[in-house]
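The values are calculated or read from the model by the stated rules, or taken from the named source; none is laboratory data. Fair warning: this is a prediction, and the values are worked out from it, not measured in the lab. Cβ coordinates were reconstructed from backbone atoms using ideal geometry, including for glycine residues, and neighbour counts include every protein chain displayed.
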Amino acid sequence: MSLDIDKIILHSLRQGGDGQPHADTRSQTLPADEAVQGLMAELHRIYNGKGGKGFGFFADPETAVAELAEGETAPKQPSPAFRIALEQLLGEQSEFVPFSVNMTHLLVKNLVEHALDEQGVLLFAKYNYVGVDYLMLALLEGKESVTVSEALDLRHIHYLDIGKLNLVARIDLTEWKTQPDSRRYITFSKGRVGRKLGDFFMDLLGAREGMDAKVQNKGLLQAVDDYCDSRQLEPAERNDYKKQVFKYCTEQASAGEEIEIKELSAELPGDGDLDFYSFIGQEYELEDRFPADRSTLRGLTKFVGSGGGLTLSFEQKLLNSRVFYDPQTDTLTIRGVPPNLKDQLLRQS
C-alpha cells in the first residue's frame, strides 16, 4: 500500500467536571513509525469502505445568500475559520501542530453548540495515497479489554476501537486544489446520531452538502430501467442486464472503489451506437463517479417492501414465474413457499 504520512498528531477529548467536553492537546507530531503507519493504513482502508458518507465542499457565504429563493430566510452562515486555517497551513503560513490545536478547540466549541457528548482520541493526519493528498480528522473511541501476558497472567488493556469511525471527516486536498468547482472533495461520516452529526460537520468545516450518493444510486437504477425499456428487452434479458450492473457496482463497493459510469458502460452490452453511457447523457444528472449505496442497489435484482407488519423480498426474475401480482385485487400469489417458512406455517396451523 502506497501510503505516505506527512504529518500526524493526536489530541484527546474528555468530559470535564462541568459536564462539557474539554481538550488535552499534544505539543509534537508523532513519528511515522511502524505502529503509526499501520494505524493510518487501516483507517484509510476502513474509511474508504464505509457506507453512508456525506459529501460536501467549502461554502462561499456570498454565494449561499445569492442562491436563496425569493421569500426564503437566510440560514446561519457557515464560518470560514477552518478553510482559512487550512489555506494558511497549505501555504506554509502556519505549522501543523498549532493548526491541529486550534482546530481541536474549534471542534470542542462546535460540540458544545450541537450538544454532542463525544470523547476519545482526536487524530489529525495529512497524508498521501497513490498520488492524492488528504487531510483526515477522526475521533477514535477507546475500549477496554483483557489480554494474557507471557506469564499467563490476565491484564486489562486500553485500545483504540478504529472499526467504528463514527466521527470522521476527510478532505481531498488534491481535488480541492485542481477542481475548485467540485462539490464532493469533503467527505464525512453521518454517524449513529444521523443528521445531527452531519450538521455538526457542516458547521465545523464551514461547508455545504454537495453530492448525495443515495440520490445518485437511485438515478442509476432509473437510468438502467429506462435503457432496458428503450431497447425493448425481454424479461430474461432485462434481468441479466441488471445483474451485470449489480455485479459491477457491488464489486466496486467491496473493493472500496466508486462506481464509474464510463467503466460500467464498457462492461455492458450496447445497442449499436447507443451504449449505456451515451444513453444517459445529461438527462439523468449523474456524476461521472459516485460511491455505491448497497441498500439502494438491491433494487436492481430484488423487489423489496414493508408496511403494516409485513415485509416481502424476492428476486425480480421470480415475478410471473413463482410470484404473481394481480393489480385489480392488490394480491400477491406465491407458488413454492420457502421450506423454512412453510414449516412455520404448518406448525402454526
Which pairs do you get when a residue that is loosely packed, with under 15 Cβ neighbours inside 10 Å, found in the range 146-171, comes within reach of a residue that is part of a strand (DSSP E or B) and of a type in the set (S, T, N, Q), reach meaning Cβ atoms under 7 angstrom, with the pair 6+ apart or on two chains? Arg155/Thr147; Ile157/Ser145; Ile157/Thr147; Tyr159/Ser145
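Residues that are touching a strand residue (DSSP E or B) at 6+ places or on another chain (Cβ under 9 Å) and farther than 23 Å from Val130 by Cα: does the range 234-245 have at least one? It would help to see each step written out before you state the result.
Initial filter on the range 234-245 (touching a strand residue (DSSP E or B) at 6+ places or on another chain (Cβ under 9 Å)): 235, 239.
If we keep only those that are farther than 23 Å from Val130 by Cα too, we end up with 235, 239.
Yes: the range 234-245 contains one or more residues that are touching a strand residue (DSSP E or B) at 6+ places or on another chain (Cβ under 9 Å) and farther than 23 Å from Val130 by Cα.
In the range 235-349, which helices (runs of 4 or more DSSP H) lie fully inside it and hold 3 or more residues that are over 19 Å from Gln222 (Cβ atoms)? Step through it out loud before you land on a result.
On the way: elements: 235-254, 261-266, 276-280, 294-297, 339-348.
Here the list reads 235-254, 339-348.
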State whether one or more residues within the range 80-103 are among the hydroxyl-bearing types (Ser, Thr, Tyr), touching a Phe, Trp or Tyr at 6+ places or on another chain (Cβ under 6 Å) and at pLDDT 55 or above. yes
Do we find a residue being out of contact with any Cys (no Cβ under 9 Å at 6 or more places or on another chain), outside the structural domain of His44 (by TED's automatic domain parsing), within 30 Å of Glu42 (Cα to Cα) and of a type in the set (A, V, I, L, M) anywhere in the range 300-319? no
